[in-house]
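Taken together, the values in this text are just the output of simple stated rules run on the coordinates, not laboratory data. Keep in mind that what you see is a predicted model, and the values were worked out from it rather than measured. Note that we place each Cβ from the backbone using ideal geometry, even for glycine, and neighbour counts take in every protein chain shown.
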Amino acid sequence: SSNESTVGIANVYRGTFVHSTDDTPLEILEDTLVGVDADGKIAFIGSWQEVDSLSRKWGFVASTITHLGQHEFFMPGLVDTHIHASQYGFAGTALDMPLLEWLNTYTFPEEERYKDPAFARNVYTHVVKRTLRNGTTTACYFATIHTDASLLLCEIANDFGQRALVGKVCMDRNNSYPNYKESLDESQKETIRFIDELLKKKYPLVKPVVTPRFALSCSTVLLDHLGKIAQDNHLHIQSHISETKEEVERVKDLFPTYDSYTDVYNKHKLLTDKTVMAHGCHLTDEELKLFRETGASIAHCPNSNISLCSGMLDVRRVLNQHVKLGLGTDVAGGYSPSMLDAVRKTMDTTKALKIQDPENYQTLTFEEVFQLATLGGSQALSLDRQIGNFEVGKDFDALRVNTAKEGGPIDLIILCKEPKVLLEKFLNLGDDRNIVEVYVAGKRVVPFVEKPVGGFSV
Ligand code: GUN
Ligand code: FE
């Protein structure tokens, strides 16, 4: 068949696999065999009962199969659809101000420091390692306005084997902190240089993202150029939208001739099926309709939305409008770099909305939130033909989870082995101690094995 691998089977895993499909938020595949080929793609998925015929058909030896333990399972890698690598240094602090004040006081001065490549290399190494070991197999990163430091983030993601979308931040308007901005000309030229330099490196898992910071920090001419660059090169686009009410008001003042915040991006060709917009807490129904029609998606960042008192996105409403949605940590507006925290804060937010409207609101289930953190994220980043779940032909991006890890956060008081219970326990109580292995495109990237070529300071 056309699905058959031509490069040979590299690894075969036996155990419980949990994942989502388009129709089912949680599908549990018990005692299953998954074969991964030398290109890191899933070559076959079968039942253990078929091991003899599968090994004959695919030419692997039974003794090479990796068998999972009884409290273990594989799940798809977590997809962080929105994280500022350049804000990792102050993650866990400075959450005492509303967004715009927070940007001016803490964020712009911090991002300014990335003009120093040594500083950038050090922090970026820590971000990539921290997120990978917490199960983020794909991250959609904001870097800073500095092209060379942004390229370092790409290099480090490549060295550690993380799948990454990376954006050099564009901003030619910043009256409140003028030290941190570019000229119009610089922003365009450096964006093109960033894209060209990155594509020249041919990192297999790292892609450039056109990244206007948000409408408030860009002139209409810059937005126009960025829309054109993305269109001409079929690139991903990321930005922020409708995070706080104050920001929405400021956009109205600054862009009086546009119908809405969403219309600002749309008129400049920045809403496409490869666009991911962070937050969207205060979008109207008409704006959500524009998202659906263009295929643009939302990165839901609940930790940030709560930490900066920005708002609570009603994910149920977004899903009912058939808008694609993934989860994001939004470090450092969100204080945690772990996607497990994003899962929990998504549950907390949906429950807070239920408290406000107990009669009508339908809370998200943990299975649905699991789907958003994996398959939903892959769809939000337009990578769902390649990743997001366990399907023949997709890349094997996976976490090997051991819920019974010695010294870990989950006590096995009741030795329940039901996979659904183990997954729910892991999502609510687990941490990186339970993530015993991480695979990206078939390659084991956690535990860390090789020292990356670039070297790093600890
Ligand atoms: N809006 C514009 N820039 C930022 C940022 O760095 N973080 C968040 N949370 N929102 C933004
Ligand atoms: Fe953000």
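To the nearest 10 degrees, how steeply does helix 147-160 sit against the main Cα axis of the chain, on a 0 to 90 scale? Computed tilt is about 10 degrees. With each label modelled as a point 7 angstrom along the Cα→C-beta vector, the ASN360-ARG444 pair spans 5.3 nm. Relative to one another, the C-alpha centroids of the range 234-300 and the range 137-204 are positioned 21 Å apart. Give LYS129/LYS420; LYS129/LYS269; LYS41/LYS420; LYS207/LYS269 a once-over and call out the pairs whose C-alpha atoms are over 24 Å from each other. Flagged as over cut-off: LYS129/LYS420; LYS129/LYS269; LYS41/LYS420.
Just to confirm my numbers, what's the Cα centroid distance between the range 373-429 and the range 7-47 in Å? Cα centres, the range 373-429 to the range 7-47: 13 Å. Working ranking of peptides 118-126, 229-237 by packing, defined as the average number of other Cβ atoms within 10 Å per residue, highest first, is 118-126, 229-237.
Which order do the peptides 158-167, 189-198 take when ranked by the mean count of other beta-carbon atoms within 10 Å per residue, highest first? Show your work: numbers first, answer last.
Details: 158-167: 25.0, 189-198: 18.2.
Packing order, densest peptide first, comes out as 158-167, 189-198.
Can you tell me, using C-alpha contacts under 8 Å and at least 6 residues apart, the relative contact order of the range 41-125 as a whole percent?
Numbers: 23 pairs, mean separation 19.3, N = 85.
Relative contact order, the range 41-125: 23 percent.
Multiplying the residue separation of SER183 and THR105 by 0.36 nm and subtracting their alpha-carbon distance yields 25.9 nm.
What does DSSP give for the chain in terms of the percent of beta bridges that are antiparallel, rounded to the nearest 5? Can you show the working numbers first?
Numbers: 27 of 60 bridges.
That works out to approximately 45 percent antiparallel.
Label sites at GLN49 and GLN231, each approximated as a point 7 angstrom past Cα along Cα to Cβ, lie 5.5 nm apart. Here the relative contact order of the chain, from alpha carbon pairs under 8 Å that lie six or more residues apart, stands at 20 percent. Simple spin-label estimate for ASP116 and CYS416 gives 5.1 nm between the two label positions (7 Å along the Cα-to-Cβ direction from each Cα).
Is the chain best put as rounded, prolate or oblate by its Cα gyration tensor, with a ≥ b ≥ c the root eigenvalues, rounded for a/c under 1.5, and otherwise prolate when a/b is larger than b/c, oblate when not? Mind dumping the intermediate values first?
Details: a/c = 1.74, a/b = 1.46, b/c = 1.19.
It comes out prolate by the Cα gyration axes.
Once the Cα atoms are used to define both axes, helix 117-133 deviates from the longest principal axis of the chain by about 40 degrees. For ASP23 and LYS351, the difference between the fully extended length at 0.36 nm per residue and the C-alpha to C-alpha distance is 115.7 nm.
For the chain, the longest principal axis of the Cα atoms and the long axis of helix 285-294 meet at an angle of about 60 degrees.
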